[in-house]
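Read through the structure below, which is laid out as C-alpha coordinates, and then see the notes.
The values are calculated or read from the model by the stated rules, or taken from the named source; none is laboratory data. Note that the structure is a prediction, hence the values are computed from the model and not measured. Note that each Cβ is placed from the backbone with ideal geometry, even for glycine, and that neighbours are counted across all protein chains shown. Calculation scope for accessible area: heavy atoms of the full protein, side chains included, ligands and nucleic acids excluded. Shrake-Rupley method; radii C 1.70, N 1.55, O 1.52, S 1.80 Å.
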Amino acid sequence: GDIGAINLDYNPIYERKPELTELDGQWSFIDRDGLETNMSISDGGIIGSDSDDCSYQGSLAIIDPQYNLLDVVLNVSGCDSVNGEYIGLAYFEPGEEPMVHVDALNNLYGFHYALRRNTSPEVKVDR
(Lines give C-alpha, C1' and ligand atoms only; values in the text may rest on other atoms or scores of the structure.)
Protein backbone atom coordinates (compact mmCIF):
# COMPACT_ATOMS: atom_id res chain seq x y z
CA GLY A 1 0.00 0.00 0.00
CA ASP A 2 0.82 3.64 -0.13
CA ILE A 3 2.48 5.43 2.74
CA GLY A 4 2.07 9.12 3.38
CA ALA A 5 2.07 11.80 6.01
CA ILE A 6 -0.20 14.64 6.93
CA ASN A 7 0.72 17.63 9.03
CA LEU A 8 -1.95 19.58 10.85
CA ASP A 9 -1.45 22.98 12.42
CA TYR A 10 -3.84 24.65 14.84
CA ASN A 11 -5.17 27.97 13.57
CA PRO A 12 -6.18 30.39 16.34
CA ILE A 13 -8.75 31.95 13.97
CA TYR A 14 -10.99 29.12 15.21
CA GLU A 15 -11.34 30.94 18.53
CA ARG A 16 -12.62 34.12 16.87
CA LYS A 17 -16.28 34.73 17.66
CA PRO A 18 -18.28 34.76 14.41
CA GLU A 19 -20.73 37.46 13.30
CA LEU A 20 -22.94 36.59 10.33
CA THR A 21 -23.16 40.27 9.34
CA GLU A 22 -19.41 40.21 8.55
CA LEU A 23 -20.21 37.81 5.72
CA ASP A 24 -22.82 40.04 4.06
CA GLY A 25 -21.78 40.97 0.53
CA GLN A 26 -20.65 39.60 -2.80
CA TRP A 27 -18.07 36.80 -2.92
CA SER A 28 -16.32 34.94 -5.75
CA PHE A 29 -14.04 31.99 -6.40
CA ILE A 30 -12.26 30.78 -9.54
CA ASP A 31 -11.13 27.15 -9.45
CA ARG A 32 -8.06 25.69 -11.15
CA ASP A 33 -10.12 24.87 -14.26
CA GLY A 34 -11.32 28.48 -14.61
CA LEU A 35 -14.87 27.87 -13.32
CA GLU A 36 -16.03 31.13 -11.72
CA THR A 37 -18.52 30.98 -8.85
CA ASN A 38 -20.24 34.10 -7.50
CA MET A 39 -22.24 34.11 -4.29
CA SER A 40 -24.20 36.75 -2.45
CA ILE A 41 -24.50 36.34 1.32
CA SER A 42 -27.05 38.25 3.37
CA ASP A 43 -28.20 37.47 6.93
CA GLY A 44 -26.79 33.95 6.56
CA GLY A 45 -28.63 33.30 3.28
CA ILE A 46 -26.66 32.30 0.18
CA ILE A 47 -27.66 32.85 -3.46
CA GLY A 48 -25.26 32.29 -6.31
CA SER A 49 -24.35 30.96 -9.72
CA ASP A 50 -21.30 29.86 -11.65
CA SER A 51 -19.96 30.10 -15.18
CA ASP A 52 -21.45 26.66 -16.01
CA ASP A 53 -24.94 28.08 -15.27
CA CYS A 54 -25.30 26.14 -12.02
CA SER A 55 -27.37 27.87 -9.34
CA TYR A 56 -26.75 27.83 -5.61
CA GLN A 57 -29.09 28.58 -2.75
CA GLY A 58 -28.44 27.87 0.88
CA SER A 59 -27.62 29.09 4.34
CA LEU A 60 -24.88 29.62 6.89
CA ALA A 61 -25.54 29.27 10.63
CA ILE A 62 -23.38 29.72 13.70
CA ILE A 63 -22.81 26.37 15.42
CA ASP A 64 -21.31 27.71 18.66
CA PRO A 65 -21.00 31.47 19.25
CA GLN A 66 -17.56 30.97 20.83
CA TYR A 67 -15.97 29.53 17.69
CA ASN A 68 -15.46 30.54 14.06
CA LEU A 69 -17.13 27.50 12.53
CA LEU A 70 -20.37 27.69 10.59
CA ASP A 71 -22.88 25.09 9.46
CA VAL A 72 -23.50 25.33 5.71
CA VAL A 73 -26.27 23.93 3.53
CA LEU A 74 -26.10 24.42 -0.26
CA ASN A 75 -28.74 23.38 -2.77
CA VAL A 76 -27.37 23.11 -6.30
CA SER A 77 -29.60 23.18 -9.37
CA GLY A 78 -29.16 23.44 -13.13
CA CYS A 79 -26.07 21.19 -12.96
CA ASP A 80 -27.30 17.79 -14.15
CA SER A 81 -25.68 15.05 -12.03
CA VAL A 82 -24.28 17.55 -9.51
CA ASN A 83 -27.77 18.78 -8.51
CA GLY A 84 -28.80 18.23 -4.92
CA GLU A 85 -28.28 19.22 -1.32
CA TYR A 86 -24.78 19.56 0.11
CA ILE A 87 -23.95 20.01 3.79
CA GLY A 88 -20.71 21.01 5.42
CA LEU A 89 -18.74 23.61 7.30
CA ALA A 90 -17.41 27.10 6.68
CA TYR A 91 -15.30 29.69 8.45
CA PHE A 92 -14.56 33.38 8.00
CA GLU A 93 -11.03 34.68 7.54
CA PRO A 94 -10.94 38.44 8.20
CA GLY A 95 -8.19 40.78 7.05
CA GLU A 96 -7.30 43.08 4.19
CA GLU A 97 -8.61 40.45 1.75
CA PRO A 98 -11.38 38.67 3.68
CA MET A 99 -12.34 35.15 2.69
CA VAL A 100 -15.09 32.66 3.45
CA HIS A 101 -13.89 29.06 3.24
CA VAL A 102 -16.72 26.62 2.45
CA ASP A 103 -16.54 22.83 2.26
CA ALA A 104 -19.78 20.98 1.50
CA LEU A 105 -20.54 17.48 0.27
CA ASN A 106 -23.22 14.91 -0.36
CA ASN A 107 -22.96 11.16 -0.96
CA LEU A 108 -21.45 11.66 -4.45
CA TYR A 109 -19.63 14.99 -4.69
CA GLY A 110 -17.90 17.64 -2.65
CA PHE A 111 -17.23 21.34 -3.12
CA HIS A 112 -14.50 23.58 -1.73
CA TYR A 113 -14.76 27.32 -2.15
CA ALA A 114 -12.21 29.86 -0.96
CA LEU A 115 -14.52 32.80 -1.58
CA ARG A 116 -12.98 36.28 -1.75
CA ARG A 117 -14.98 39.43 -1.10
CA ASN A 118 -15.71 41.37 -4.29
CA THR A 119 -14.98 45.04 -4.11
CA SER A 120 -16.14 45.92 -7.61
CA PRO A 121 -19.85 46.72 -8.10
CA GLU A 122 -19.93 45.00 -11.51
CA VAL A 123 -20.35 41.50 -10.08
CA LYS A 124 -23.90 40.25 -10.54
CA VAL A 125 -25.48 37.11 -9.18
CA ASP A 126 -28.31 35.46 -11.10
CA ARG A 127 -31.30 34.80 -8.88
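Students often check this: by mean Cβ neighbours within 10 Å, which of 54-64, 104-114 ranks highest, and how do the rest follow?
Details: 54-64: 16.7, 104-114: 14.2.
Highest to lowest by the protection proxy: 54-64, 104-114.
At a threshold of 8 angstrom on Cα-Cα distance, excluding pairs fewer than six apart, so keeping six or more, what relative contact order does the chain reach in percent?
Details: 274 pairs, mean separation 26.6, N = 127.
Over the chain, the number comes to 21 percent.
Leaving ligands, DNA and RNA out of it, report the carbon-plus-sulfur percent of the accessible area of region 5-52 at a 1.4 Å probe.
Carbon-and-sulfur percentage of accessible area, whole number: 47.
For region 1-64, give the magnitude of the charge dipole about the Cα centre (Cβ charges: +1 Lys/Arg, -1 Asp/Glu; no others), in debye to the nearest 20. Mind showing how you got there, number by number?
Numbers: 3 positive and 14 negative charges, 38 e Å.
With Lys and Arg at +1 and Asp and Glu at -1, about 180 debye.
Kindly report the accessible area of the chain per residue (heavy atoms of protein chains, probe 1.4 Å, no ligands, DNA or RNA), in Å².
Result: 65 Å² of accessible area for each residue.
Compute, for the chain, the length of the dipole vector about the Cα centre, with Cβ point charges of +1 (Lys, Arg) and -1 (Asp, Glu) only. Units Debye, rounded to 20.
180
I want to verify a result. In a Gaussian network model of the chain, Cα cutoff 10 Å, which of these has the top mean-square fluctuation: Pro12, Pro65, Pro98?
It is Pro12.
Using only the alpha carbon atoms of the chain, find the Kirkwood hydrodynamic radius as the inverse mean reciprocal pair distance, in angstroms to one decimal. Mind showing how you got there, number by number?
Numbers: mean 1/r = 0.0649 Å⁻¹.
After inverting the mean inverse Cα-Cα distance, the result is 15.4 Å.
Report the net charge of residues surrounding Ala114, where surrounding means a beta-carbon distance below 15 angstrom and charges are Lys +1, Arg +1, Asp -1, Glu -1. Could you put the intermediate results ahead of the total?
Values: positive: Arg32, Arg116, Arg117; negative: Asp31, Asp33, Glu36, Asp50, Glu93, Glu97, Asp103.
So the surrounding residues net to -4.
How many angstrom lie between the Cα centre of region 96-114 and the Cα centre of region 1-45?
Cα centres, region 96-114 to region 1-45: 5 Å.
Just to be sure I understand: if I project the alpha-carbon convex hull of region 15-76 onto a plane and average over all orientations, what area do I get in nm²?
Numbers: hull surface 17.9 nm².
Computed as one quarter of the Cα hull surface, the answer is 4.5 nm².
Once Lys and Arg get +1 and Asp and Glu get -1 on their Cβ, which of Asn75, Thr21, His112 lies farthest toward the positive end of the dipole of the chain?
Of the listed residues, the answer is Thr21.
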